[in-house]
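Below: one structure, written as structure tokens.
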Amino acid sequence: EIVLTQSPGTLSLSPGEGATLSCRASQNVPNNHLAWFQQRPGQAPRLLIYGASSRAIGIPHRYSGSGSGTDFTLTVNRVEPEDFAVFYCHQYGYSPPTFGPGTRVEMK
Amino acid sequence: QVQLVQSGAEVKKPGASVQISCKASGYTFTTYYIHWVRQAPGQGLEWMGVIDPDGTVSTYSQNFHGRVTLTTDTSTSTAYMELSSLKSDDTALYFCARAIPAAVPFDVWGQGTFVTVSS
């Protein structure tokens, strides 16, 4: 299976700062089928990005995804209070689908 | 609106089985596959398996050693997940989510069903 590693484990930011989250795969993710999810406490995950760089419906433009192959990045431009959450990367190009361990974005 | 609504919380004893339902509404049930994902308290997301909407094809995570059974009922647009031989470390929040294979991953999720396994 494809193992996903995320860094950093925790990111401490103030509102208005930018966030860069990394996801590295143990092998090439076919067709760049890499997604990012946000999970707030007590809620189900929410799809942010799919296909490495396509924003899901209703996702603000401050969220962007990039990367290919084994290295992917989620960027949040000017973090807002509602952005503080845990973010997971997920590959769905190869079975079984797998998730990274998550990056917690917390308020400094 | 498009939604997946799951059945309520469960408390089970070790060795028992649990079945969770996931009722779809607001879209054509037969268009999307249904996946199941669980999350132990304070932990990350773990994929359990997937079933096509007609219930004819399913794939399971090897981590569950045959303990997971997925089914669907197209007449009620409902998917079901049964987990057998429950252990204490099966205590978790269980989610269903819809997806289109190799296209749209998990764009709609159920609200989650918490299963407690305790003697």
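The values are calculated or read from the model by the stated rules, or taken from the named source; none is laboratory data. For clarity, every value in this text was computed on a predicted model and none was experimentally measured. All Cβ positions, glycine included, derive from the backbone under ideal geometry; neighbour counts span all protein chains shown.
Miscellaneous remarks
- Residues being aliphatic (A, V, I, L, M), within 11 Å of chain A (Cβ to nearest Cβ) and either under 14 Å from residue B:23 (Cβ atoms) or free of Cβ contacts under 8 Å to residues at least 40 places away in the same chain (or both) - total across the stretch B:71-103: 3
- Counting only strands (runs of 3 or more DSSP E) wholly contained in the stretch A:1-51, the ones carrying 3 or more residues that are buried (at least 22 other Cβ atoms within 10 Å of the Cβ) occupy A:19-25, A:34-39, A:46-50.
- Of residues in the stretch B:86-119 being in a loop (DSSP other than H, G, I, E, B) and over 17 Å from residue B:7 (Cα atoms), the one modelled with the lowest pLDDT: B:102
- Residue B:41 being assigned to a loop (DSSP other than H, G, I, E, B), surrounded by fewer than 19 Cβ atoms within 10 Å (Cβ to Cβ), within 14 Å of chain A (Cβ to nearest Cβ) and in contact with a strand residue (DSSP E or B) (Cβ under 8 Å, 6 or more places away or on another chain): yes
- Any chance residue A:104 is in a strand (DSSP E or B) and farther than 19 Å from residue B:108 by Cβ: yes
- Test result for residue A:11, away from chain B (no Cβ under 11 Å) and aliphatic (A, V, I, L, M): yes
- Summed over the stretch B:45-67, the residues that are part of a loop (DSSP other than H, G, I, E, B) and either within 11 Å of chain A (Cβ to nearest Cβ) or not charged (D, E, K, R) (or both) give a count of 8.
- Failed item, numbered, when residue B:21 is tested on (1) farther than 15 Å from residue B:93 by Cα; (2) away from chain A (no Cβ under 14 Å); (3) not acidic (Asp, Glu): (1)
- Filtering the stretch A:64-94 to residues that are away from every other protein chain (no Cβ under 14 Å) and not in a strand (DSSP E or B) leaves A:69, A:70, A:77, A:78, A:79, A:80, A:81, A:82, A:83, A:84.
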